[in-house]
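A short write-up of the structure that comes next.
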């Protein structure tokens with residue numbers, strides 16, 4: 001490759017002498033980058049969803065190829081986010097595709113040092129039994145003056161940032177019905 005050929009292939013030279021003075025198009029492309037195609041361009045279909053990270057409800061477009069998610073981007077049709085996503089929403093592809101994601105229930109016994117796998121039904125039964133036992137053990141029918149309380153301080157709820165408004169509403173209803181009064185959520189970025 002001669003010096004002239006090398007200079008003509010240099011992106012700055014192409015930017016200054018070509019039709020791309022801002023260097024955002026053809027001047028910035030290498031031979032390799034000209035051959036690249038976007039993951040979004042090869043998708044079989046696009047599913048619309050809502051970002052799971054907070055209560056804002058930013059719209060997402062989920063690009064699917066061969067029934068696997070290949071890209072998640074902001075939805076420009078969303079009146080909430082108009083195609084924009086925060087850093088957590090932009091990284092949500094790894095939430096569903098990471099090889100480090102746990103896909104089974106893990107349980108560590110009290111004072112145990114090792115995790116063991118449980119089936120979901122067993123884990124749910126264990127949780128329900130413990131909620132009922134804590135509620136029964138700490139139930140307060142009335143205060144010292146005989147005024148009705150009908151509450152428990154033995155259970156509480158702290159919702160996470162991945163819960164939307166509807167889920168928080170249902171959790172509030174559930175825990176209120178159980179008699180819990182310590183109910184909060186962390187539905188903020």
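The values are calculated or read from the model by the stated rules, or taken from the named source; none is laboratory data. Being a predicted model, the structure only gives us computed values, none of them experimental. Cβ atoms come from the backbone with ideal geometry, glycine included; neighbour counts cover every protein chain shown.
Could you please find all residues in the stretch 136-172 being closer than 24 Å to residue 51 by Cβ and at pLDDT 90 or above? Explain how you work it out, then say what you get.
If we filter the stretch 136-172 for residues that are closer than 24 Å to residue 51 by Cβ, which is where we start, we get 157-172.
Hits for the stretch 136-172 are 157, 170, 171, 172.
Just to be sure before I move on: is residue 108 at pLDDT 95 or above, exposed (fewer than 13 other Cβ atoms within 10 Å of the Cβ) and touching a strand residue (DSSP E or B) at 6+ places or on another chain (Cβ under 9 Å) in the structure I sent?
Numbers: at pLDDT 95 or above: yes; exposed (fewer than 13 other Cβ atoms within 10 Å of the Cβ): yes; touching a strand residue (DSSP E or B) at 6+ places or on another chain (Cβ under 9 Å): yes.
Considered against the rule, which asks whether it is at pLDDT 95 or above, exposed (fewer than 13 other Cβ atoms within 10 Å of the Cβ) and touching a strand residue (DSSP E or B) at 6+ places or on another chain (Cβ under 9 Å), residue 108 comes out as yes.
If we scan the stretch 30-42, do we find a residue that is within 30 Å of residue 167 (Cα to Cα), part of a loop (DSSP other than H, G, I, E, B) and in contact with a strand residue (DSSP E or B) (Cβ under 9 Å, 6 or more places away or on another chain)?
no
Restricting to the stretch 79-131, give me the number of residues that are in a helix (DSSP H, G or I) and either in contact with a helix residue (DSSP H, G or I) (Cβ under 9 Å, 6 or more places away or on another chain) or within 30 Å of residue 59 (Cβ to Cβ) (or both). First the steps, then the outcome.
Of all residues in the stretch 79-131, those in a helix (DSSP H, G or I) come to 87-90, 92-97, 120-131.
Remaining after also requiring either in contact with a helix residue (DSSP H, G or I) (Cβ under 9 Å, 6 or more places away or on another chain) or within 30 Å of residue 59 (Cβ to Cβ) (or both): 87-90, 92-97, 131.
Here the count works out to 11.
Conditions (1) without any contact (Cβ under 8 Å) to a residue 12 or more places away in the chain; (2) more than 19 Å from the chain's Cα centre (by Cα); (3) assigned by TED's automatic domain parsing to the domain that holds residue 55, marked per residue:
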{"site": "103", "(1), (2), (3)": "yes, no, no"}
{"site": "109", "(1), (2), (3)": "yes, yes, no"}
{"site": "116", "(1), (2), (3)": "yes, yes, no"}
{"site": "120", "(1), (2), (3)": "no, yes, no"}
{"site": "134", "(1), (2), (3)": "no, yes, no"}
{"site": "141", "(1), (2), (3)": "yes, yes, no"}
{"site": "168", "(1), (2), (3)": "no, no, no"}
